[in-house]
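First the structure, in the form of structure tokens, and then the observations on it.
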Amino acid sequence: MTITFIGHGYVGLVTACVFADFGNKVWVIGHTKEKIERLKKGDPIIYEPGLKELLQKNLKENRIHFTLDYENAIPESDIVFIAVGTPSKKNGEASLDSVFEVAEKIGKHLKKGTTVVSCKSTVPMGTNNKLKALLFRVKPKNAEVFIASCPEFLREGNAIYDTLNPDRVIIGSDSKKATDALTELHRPINGKRVITDLASAELIKYTSNAMLATKISFANFISFYCEKTGADVETVLNAVGLDKRIGRIFMDPGVGYGGSCLPKDVRALIKMGHTLGIDTQFLDGVKSVNEQSRKNLLNKILKHTRDKTISIWGLTFKPNTDDIRDAPSVFVIQELLKHGYTISVYDLAGIANMRKIFADQLTYHVSPYEVVRNSSALVILTEWNDFKQIDLKKVKKLMRYPLIFDGRNIYEPKMMKEAGFSYFSVGRKPILK
Ligand code: UDX
């Protein structure tokens, strides 16, 4: 088949490379010349394990093509995927500007024959019907177009694996032609198939992300009780998670969820609830606990640091990505700067993006050891594997005071006591030297 992806972010580029790797001819359309030129040369722009190799392989095989123009790609495509961002507007609503803008361009470039337009972008219920109306309005008379919603569940850092091995492939459409074409395209992909209508497919995506956010906020909510009572959150959640009806997965307490999806989709679902006249207190609570989790760590830092020169390990919203969108680190750093802290930071992939926000307000380091030199406290905000068995003796020697605030519970308190640190983590008794 020939397929086009509009958008080359974590979803668009990864999925495009995977389908190219199956032998399809794939076009990827972007709107920034500089980025398209880099992609053509095999630079994926984003950091995602394995993506560079997959991109370069398929460029070499001449199966993936990058362009700014709709002219060549759209007329020859059997399926066109919309994979552009739907960022939050100020009021929390998902911004659909890019989705409608690209849909109009797709519609205008359709030629005689049948094309399936499939929306991978996360969009509110009813959006695909609006896209359908728009495509019908702008398309040439002799072009036949069918619309489908095909939401994506890949996680950054595991994006290629998740694309090949999703738990489920959702295809929402009111057209058999669209469903058949997408079923055929996904044939090499694992996972259960869910064939459904457009609105259900749209809501499946929001429900999944809201449920994940709920699990995390629930774990964090319980951690607040632990901190007040001396209970140990890991013991509590491990025991609770043994109940098969509940499970332990996705209930790791910490500084809260970040990234480009969970926070944005919870906000958008709340906003949709307001529009639909639904009481959103439940989701308001999920969002509020997430904000409290960040503040909780911040308050510990403000209360227990002995002076204002500190260092941070981990800036990205989770490990194995360079993404800092809605990352807890951004909030924590902004607040600490307001309180007059001098901050040195270290991350394995997020420094370049962090510089775009904070420029010379921070000192950036390329070594997890150098960054802690002379600092009065170390704050851990992302659980990169590299920190888990790092030489803590060396860290302690370099620091002015052996004080660690761990927002991801990567160490055992007992071990930190033995290592001679004061150690504050989430939902566990602090170790005070
Ligand atoms: C998420 C969904 O998992 C994915 O299915 C969807 O398609 C896109 O959004 P992603 O944003 O890549 O994926 O990250 P995810 O692994 O879900 O983590 C989101 C945030 O939750 C991270 O900040 C992570 O640190 C945090 N998290 C996750 C916790 O705080 N505790 C947990 O137990 C799990």
Total formal charge among the other residues, if their Cβ is under 15 angstrom from that of residue 321, Lys/Arg +1 and Asp/Glu -1: -4
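Among all stretches of the chain without exposed GluC sites (Glu not before Pro) (DSSP loop, at most 12 other Cβ atoms within 10 Å), which one is longest?
It works out to 72-433.
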Report the extension gain between residue 111 and residue 250 in nm, rounded to one decimal, defined as 0.36 nm multiplied by the number of residues separating them, less their alpha carbon distance. 45.5 nm
Would you mind classifying segment 132-223 by shape? Square roots of the alpha carbon gyration tensor eigenvalues, ordered a ≥ b ≥ c; an a/c under 1.5 is rounded, otherwise it is prolate if a/b is larger than b/c and oblate if not. prolate
Amide H contacts under 5 Å for residue 193, placed H, 5+ residues apart: 169
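Would you kindly state how much longer the chain becomes between residue 388 and residue 165 on full extension, computed as 0.36 nm times their sequence separation minus their alpha carbon distance, in nm to one decimal?
77.5 nm
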Residue 359 and residue 374 label points (each 7 Å along its Cα→Cβ direction) are spaced in nm at 2.5
Treating every alpha carbon of segment 262-424 as one equal point scatterer without solvent, the Debye formula yields log10 I(q)/I(0) values at q = 0.10, 0.18 Å⁻¹ of -0.40, -1.09
With +1 on each Lys and Arg Cβ and -1 on each Asp and Glu Cβ, and nothing else charged, work out how big the dipole of segment 60-124 is about its Cα centre, in Debye to the nearest 20. 80
In the calculated pair distance distribution of the chain, what percentage of Cα-Cα distances lie above 27 Å? 56
Under a Gaussian network model of the chain whose springs join Cα atoms within less than 10 Å, the largest fluctuation of 196, 275, 342 belongs to 275
Each label point is 7 Å from the Cα along the Cα-to-Cβ direction; what then is the distance between the points at residue 412 and residue 33, in nm? 5.9
Give me 313, 27 ranked fewest to most by other Cβ atoms within 10 Å of their Cβ, as a rough exposure proxy. 27, 313
Per the charge dipole of the chain (beta-carbon charges, Lys/Arg positive, Asp/Glu negative, Cα centre), the residue among 123, 346, 199 reaching farthest to the positive end is 346
Counted charge near residue 233, where neighbours are those whose Cβ lies closer than 9 Å (Asp, Glu -1; Lys, Arg +1): -2
Return 240, 169 ranked ascending by Cβ neighbour count within 10 Å, so the fewest neighbours appear first. 240, 169
Given axes a ≥ b ≥ c from the Cα gyration tensor, I'd like to know whether segment 2-204 is rounded (a/c under 1.5), prolate (a/b larger than b/c) or oblate. rounded
Using +1 at the Cβ of each Lys and Arg and -1 at the Cβ of each Asp and Glu in segment 2-204, identify which of 175, 92, 153 lies farthest towards the dipole's positive end. 175
Tell me, what is a quarter of the convex hull surface for the C-alpha atoms of segment 354-433, in nm² with one decimal? 5.6
Extension gain from residue 1 to residue 155, taking 0.36 nm per residue of separation minus the Cα-Cα distance: 52.8 nm
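The numbers here are math on the coordinates, done by the rules we state, and not lab data. What you are looking at is a predicted structure, and each value in this text was computed from that prediction instead of being measured. So basically every Cβ, Gly included, is an ideal-geometry build from the backbone, and we count neighbours across all protein chains shown.
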